[in-house]
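To start, the structure under review is shown below, and the notes come after it.
The values are calculated or read from the model by the stated rules, or taken from the named source; none is laboratory data. Source: prediction; values computed, not measured. Heads up, the Cβs are rebuilt from the backbone with ideal geometry, glycines too, and the neighbour counts pull from every protein chain shown. What goes into the accessible areas is simple: the full protein's heavy atoms, side chains included, and nothing from ligands, DNA or RNA. Shrake-Rupley method; radii C 1.70, N 1.55, O 1.52, S 1.80 Å.
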Amino acid sequence: MSPTHDRSHSDDLLSFVSACPSPYHAVASAAQRLEKAGFAELRETDDWTAGAEGGRYVVRGGALIAWYVPAGAPARTPFRIIGAHTDSPNLRVKPAPDTGAAGWRQIAVEIYGGVPLNTWLDRDLGVSGRLALRDGSTRLVRVDKPLLRVPQLAIHLDRNVNEGLALDRQRHMTPLWGLGDVAPGALLGRIAAEADADVAEVLGWDLMLHDLQPPGYLGMDEEFIVSPRLDNLISVHAGVTALVAAATSRPPAYVPVLAAFDHEEVGSGSESGAQGPLLERVLGRGVAARGGSGEDVSRALAGAFCVSADMSHAVHPNYPERHDPDHRPLPNAGPVVKVNANQRYATDGAGVAAFAAACERADVPWQPFVSNNVMPCGTSIGPITAARLGVATVDVGVPGLSMHSARELCGARDPGLLARALTEFVTSR
């Protein structure tokens, strides 16, 4: 491994990803880390006036908003926001999951987000998510056993497979898990038992599949990380790291905020997504809890800045023509600043300068990124947050390969560099 790589951060990232097979687990793991640093949970239905200073966080489903108010900070103190998302493209269990064909028992799934379907073939899959109980409570569940598999058709039955694999999202992506007749309720019974819940009390669920192969290092010097869900648990982990540093080291000059939303991969249009009012309400209530007025909220937002942190593309050595010839980020060369003139990313020149300055102070290299003009880019929560809050926003991220695959790749050094840059961003003027 490169001698310049601090493996402690990447080791911790791999532990975090392993603990987070679903957005609900990501929120629970992030909350646990925050609580160890002295943060306390606030419920949205509670009176917040007793939580005016110090570290606080709010959970809504698969989303978490956390912040730290330094002692004596005026109500108008500007925010420094790190935006990220907890969800990843995957296969989600349908409401009536037990199905089958030709003597096989199978589980019906729905495709969530932009999934490269072939990457989910021939993998040992577990089930994770949450169960919703009759009393209104929810319970996390995680089955780390090879219950399911989506088998690929043998090449003997598809001789042209290497000329182009065509997968029907409805017919070809149904995983198998047994033999025999379809047994309605069988999957839910198994999952409820794993969660030590009475299946009769389970009235709803949000369940998804996850690859059981653990994350790890790759390469001749272990200079890469290979793992599921790097998009975007890298940024959630880095955001938690930065927020904890802000709360436990030097007092920050701002009110640092981590906004880890759900449903980014499907457009962010939900109660726990970036298009909803969750962040706006939390920030406004936080100001009010310190005796601030609507004018103070406006002043705090006017001086605010947001870094939207999400995975980005490294140049692919087998497809270099798909990238802009003058913007080809490489792993282990630092986070990228993402630019798109059509506002698929929220970055402008002032945003580049602000993030570049934070990187300089943290001694972190960075790289510019823009898409090839004939290859339209994706987007992020950056433009949504900028438009909803009216705050200056810059889009950044760790460059990687195999984005949205069941197993992604990035440089082992980059997650730590991103965390250092974000820590500097939320703690220094």
Against the definition (within 29 Å of LEU409 (Cα to Cα), touching a residue at least 24 places away in the same chain (Cβ under 8 Å) and not charged (D, E, K, R)), how does GLY100 come out, yes or no? no
Is it true that some residue in the range 379-387 is over 21 Å from VAL236 (Cβ atoms), modelled with pLDDT of 95 or more, in contact with a helix residue (DSSP H, G or I) (Cβ under 9 Å, 6 or more places away or on another chain) and surrounded by fewer than 18 Cβ atoms within 10 Å (Cβ to Cβ)? no
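Tell me which residues, restricted to the range 329-355, are part of a loop (DSSP other than H, G, I, E, B), within 30 Å of GLY269 (Cβ to Cβ) and not hydroxyl-bearing (Ser, Thr, Tyr).
Correct list: PRO329, PRO335, VAL339, ASN340, ALA341, ASN342, GLN343, ARG344, ALA346, ASP348.
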Where the second residue is at pLDDT 95 or above and open to solvent by 10 Å² or more (accessible area, probe 1.4 Å) and the first is within 16 Å of LEU64 (Cα to Cα) and of a type in the set (S, T, N, Q) and lies in the range 15-39, which pairs have Cβ atoms under 7 Å and are six or more apart or on separate chains? SER29/ALA19
Which of the residues spanning the range 245-274 are over 16 Å from GLY378 (Cβ atoms), touching a Ser or Thr at 6+ places or on another chain (Cβ under 8 Å) and assigned to a strand (DSSP E or B)? VAL255, PRO256, ALA259, ALA260
In the range 107-123, which residues are of a type in the set (Asp, Glu) and surrounded by fewer than 13 Cβ atoms within 10 Å (Cβ to Cβ)? ASP122
Given the criteria touching a Pro at 6+ places or on another chain (Cβ under 7 Å), in a strand (DSSP E or B) and not polar (S, T, N, Q), does ARG139 qualify? no
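Quick one: is ALA28 surrounded by fewer than 22 Cβ atoms within 10 Å (Cβ to Cβ), under 15 Å from the mean Cα position of the chain (by Cα) and not acidic (Asp, Glu)?
yes
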So TYR345 clears everything in (1) free of Cβ contacts under 8 Å to residues at least 60 places away in the same chain; (2) surrounded by fewer than 18 Cβ atoms within 10 Å (Cβ to Cβ) except one condition, right? Which one? (2)
Being assigned to a helix (DSSP H, G or I), modelled with pLDDT of 95 or more, within 21 Å of SER268 (Cβ to Cβ) and over 17 Å from the mean Cα position of the chain (by Cα): is that true of ALA358 here? no
Would you check which residues across the range 275-305 are part of a helix (DSSP H, G or I) and either among the aromatic types (Phe, Trp, Tyr) or crowded, with 21+ Cβ neighbours inside 10 Å (or both) and list them? LEU278, LEU279, VAL282, LEU283, GLY286, VAL287, ALA300
Does the range 96-106 contain any residue that is open to solvent by 10 Å² or more (accessible area, probe 1.4 Å) and under 21 Å from the mean Cα position of the chain (by Cα)? no
Please pick out the residue among SER312, SER293 that is closer than 25 Å to ALA412 by Cα, modelled with pLDDT of 95 or more and of a type in the set (S, T, N, Q). SER312
